[in-house]
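In what follows, a single structure is set out as structure tokens and then discussed.
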Amino acid sequence: MKIVDIETYLVGNPWKNWMFVRVKTDEGIYGIGEGSLGHLSKTVETCVHEMKPFILGLDIFQTELLVQRLSRHVYADGGQIKMCAISALEIACWDAIGKALKQPIYNLVGGKVHDRIPAYVNGWYRCDRTPEAFAKAAKKVLSLGYFAMKFDPFGAADGLLSPAEEDLSIDLVAAVRETVGPDVLLAVEAHSRFTPATAIRIGKRLEPYKPAWFEEPIPHNNIGAMVDVARHLEVPIGTGESFSSKQQLAELLKHDAVSIINFEPLHMGGILGSRKVADMVDAHYGTIIPHAAQGPICTLACLHVDIATPNSWLQETFEHFNEPWEMDLVTTFPKLVDGYFELPQGPGLGTDLNLDAVRSHPYHENPDISLFEDNWQFRRSKPKS
């Protein structure tokens, strides 16, 4: 089966845009993928079309060659933009391969080692930054059957926090912990907000609330600083979503200080690239929690990686707290039962794009939310300036 065409689709939800692809073959089989990158999804779409001539005519089974050709022959670093484009195409190839072989992707990259995947929910705290509002929102999460959740209590913090804002942030964590009890897994997200010294101080204040991990407390660029923060805290550090190469991950892992890695499959070359870096993490006795803050195809790609990966732990999901029409974009999606994802059904990814629904939510020109503006947690669309 040779690649004969690539179609792209931009979908605008109120707080970010998603980018999907369809890779078509000369035998009529096609695969779907996702390369969303928030503010830059339209840029990724352009990147896909600029890369298109390098892979037209390529046998769709040659996913390693596709990634190598687009990584090396397209002689530019490109970071997350380039990797999202490559990953979207790679995921689509695996989807088509699975359809051709009548097998789910996870059977083609190692087979099933988990019968279901525990989920942790994100995006649930679209509320005022008060302990009472966060506690109420956390109760709703419990009512949906989840036993793991993540949230960013730090408002619009950038680098430092005032004493009052720091106290409020810790109070939000305390209120959620008191509400959900000691057995629920709580992860505290920081979105790369802090200086190392601030991250260490806040991390120590989090310790009594026993977070499952403290995520991305400082920017990912300085691996030595991240390692230093991790070694000062009893709270585990989680990081990796902003990496765009396995070499960056290798540099982090060699220090054996961070063992919770939430790489983004769209930055790692897609399905097989993610399986490779998961094995790298396993070699350092770490666990993976793939990042999935994009659309439903990204979440499905993560699940196929999780199912075939012995050291996968949890899977991020926004699906219960995203736009209600998100599930209309795909023909089917795995059920969430008692806080677990059931396995995807059917060949390939196990779903298809509903193009009528896709086209009914066009790209929006409004800027995406900024994590460094007040009340971003409501994830509301903003007027174009």
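Overview of values
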read-out: Qualifying residues in the stretch 254-273 (those that are closer than 26 Å to LEU70 by Cβ and in contact with a strand residue (DSSP E or B) (Cβ under 8 Å, 6 or more places away or on another chain)) - the one surrounded by the fewest Cβ atoms within 10 Å (Cβ to Cβ); value: ASN262
read-out: From ALA96, ALA133, ALA119, residue being aliphatic (A, V, I, L, M), at pLDDT 95 or above, surrounded by fewer than 19 Cβ atoms within 10 Å (Cβ to Cβ) and out of contact with any helix residue (DSSP H, G or I) (no Cβ under 8 Å at 6 or more places or on another chain); value: ALA133
read-out: Verdict on ASP282 being over 17 Å from GLU90 (Cβ atoms), surrounded by fewer than 18 Cβ atoms within 10 Å (Cβ to Cβ) and among the charged types (D, E, K, R); value: yes
read-out: Any pair with Cβ under 9 angstrom, 6 or more apart, that starts in the stretch 43-68 at a residue that is within 27 Å of TYR363 (Cα to Cα) and ends at one that is surrounded by fewer than 20 Cβ atoms within 10 Å (Cβ to Cβ) and of a type in the set (Gly, Ala, Ser); value: CYS47/GLY78
read-out: Count of residues meeting criterion [surrounded by fewer than 18 Cβ atoms within 10 Å (Cβ to Cβ) and part of a strand (DSSP E or B)] in the stretch 140-161; value: 3
read-out: Single match in HIS304, HIS320 (criterion: within 22 Å of GLU215 (Cβ to Cβ), within 17 Å of the chain's Cα centre (by Cα) and not in a loop (DSSP other than H, G, I, E, B)); value: HIS320
read-out: Failed item in (1) of a type in the set (S, T, N, Q); (2) assigned to a loop (DSSP other than H, G, I, E, B); (3) at pLDDT 95 or above, with GLN377 passing the rest; value: (2)
read-out: Whichever residue in the stretch 13-61 is aromatic (Phe, Trp, Tyr) and outside any helix (DSSP H, G or I) and, among such residues, is surrounded by the fewest Cβ atoms within 10 Å (Cβ to Cβ); value: PHE61
read-out: Residue check for GLY155: within 18 Å of GLU373 (Cα to Cα), assigned by TED's automatic domain parsing to the domain that holds TYR340 and either at pLDDT below 95 or under 24 Å from the mean Cα position of the chain (by Cα) (or both); value: yes
read-out: Matching option when the condition is out of contact with any Lys or Arg (no Cβ under 9 Å at 6 or more places or on another chain) and assigned by TED's automatic domain parsing to the domain that holds PHE154, among VAL337, VAL305, VAL330, VAL358; value: VAL330
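Here is a yes/no grid of residues against (1) surrounded by fewer than 17 Cβ atoms within 10 Å (Cβ to Cβ); (2) within 18 Å of LEU252 (Cα to Cα):
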residue: PRO182; (1), (2): yes, no
residue: LEU186; (1), (2): no, no
residue: ARG193; (1), (2): no, no
residue: THR198; (1), (2): no, no
residue: GLY203; (1), (2): no, no
residue: PRO208; (1), (2): yes, no
residue: ALA212; (1), (2): no, no
residue: PRO217; (1), (2): no, yes
residue: ASN222; (1), (2): yes, yes
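The values are calculated or read from the model by the stated rules, or taken from the named source; none is laboratory data. What you see is a predicted model, and the numbers here were worked out from it, not measured in a lab. Counting neighbours? That spans all protein chains shown, and the Cβs are built from the backbone with ideal geometry, glycine included.
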